[in-house]
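Engineer: Can you keep this structure in mind? I'll have questions shortly.
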Amino acid sequence: MTRTTKVLLAVVASGAPAAFAWWAFARPSQWLATERGLVLTEGNAAGTFQVVAVFTIIGIVLGVVSGVVVHRVTRAVRWEIVLGLTAASTAAALLCWRLGIWLGPGPLEDVTGLKAGEQVSAPLAVDALVPFLVWPLVSVLSYTLSLYLSTDGTEDDEEIDDVSARSER
C-alpha cells in the first residue's frame, strides 16, 4: 500500500471522529409533548439549522486539515491525488453523517409514554446537499493552496537556473 493510499484512507477514517464531534456539539431541535402529540415551537426550531451548521463547520475544519496533510505527505502533484482526495472527503462526510445519525437521538416516531410538557430531541439530520459538497470542496481548495503556497522545489529551480547560466558562459 502506497503512502498516498494510506493518507487518503486516513481522510476517510477521519469521518468517524468527526461524527463524534458532530454528536457532541450539535444541539438538535426540541419537540414539545402536548395532549395532541409532539409539536415543534418556533423557539425550539433553531436546532434544525444549528445541526446542519455544525456538520458544515466540522467539514470545513476537516477539509482544511486533510488538504494540507495530503499535500505535505504525498508531495506528488498529480490529478489522481485531487480525484482521490475528493472521493475520500466525500466518503468521510457520508461516514460522519451515517454514524452521527446512529449516535444521535432516535426517530420521533419511536418515542412513547411522554407526559405533557416534556421535551424530546429531534434526530441529527442534514436535509440539504450543500453541506456534503463543502467537505470535498474545502479539502481540494486547501490542497491547491498548500501546493501553490509551499516553497518545495523553488530552491532546486534556482540552482538549475544558476547552472544553466554558468554553462552558457
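Engineer: Cβ contacts < 7 Å: first residue assigned to a helix (DSSP H, G or I), restricted to region 6-29; second residue of a type in the set (Phe, Trp, Tyr) and open to solvent by less than 20 Å² (accessible area, probe 1.4 Å), any location; separation 6+ or different chain. Result?
Structural biologist: Short answer, once both residue conditions are applied: Trp22/Phe55.
Engineer: Right, next: Could you list, in sequence order, the residues of region 75-97 that are within 16 Å of the chain's Cα centre (by Cα), small (Gly, Ala, Ser) and surrounded by fewer than 17 Cβ atoms within 10 Å (Cβ to Cβ)?
Structural biologist: Ala87, the sole residue that qualifies.
Engineer: For region 25-74: of the residues being of a type in the set (Ser, Thr, Tyr) and surrounded by fewer than 14 Cβ atoms within 10 Å (Cβ to Cβ), which is modelled with the lowest pLDDT?
Structural biologist: Thr41
The values are calculated or read from the model by the stated rules, or taken from the named source; none is laboratory data. None of these values were measured; they are calculated from a predicted model. Because the Cβ atoms are built from the backbone with ideal geometry, glycine has one as well, and the counts that use them run over all protein chains shown. Side chains are part of the model used for accessible areas, which takes the heavy atoms of the whole protein and leaves out ligands, DNA and RNA. Shrake-Rupley method; radii C 1.70, N 1.55, O 1.52, S 1.80 Å.
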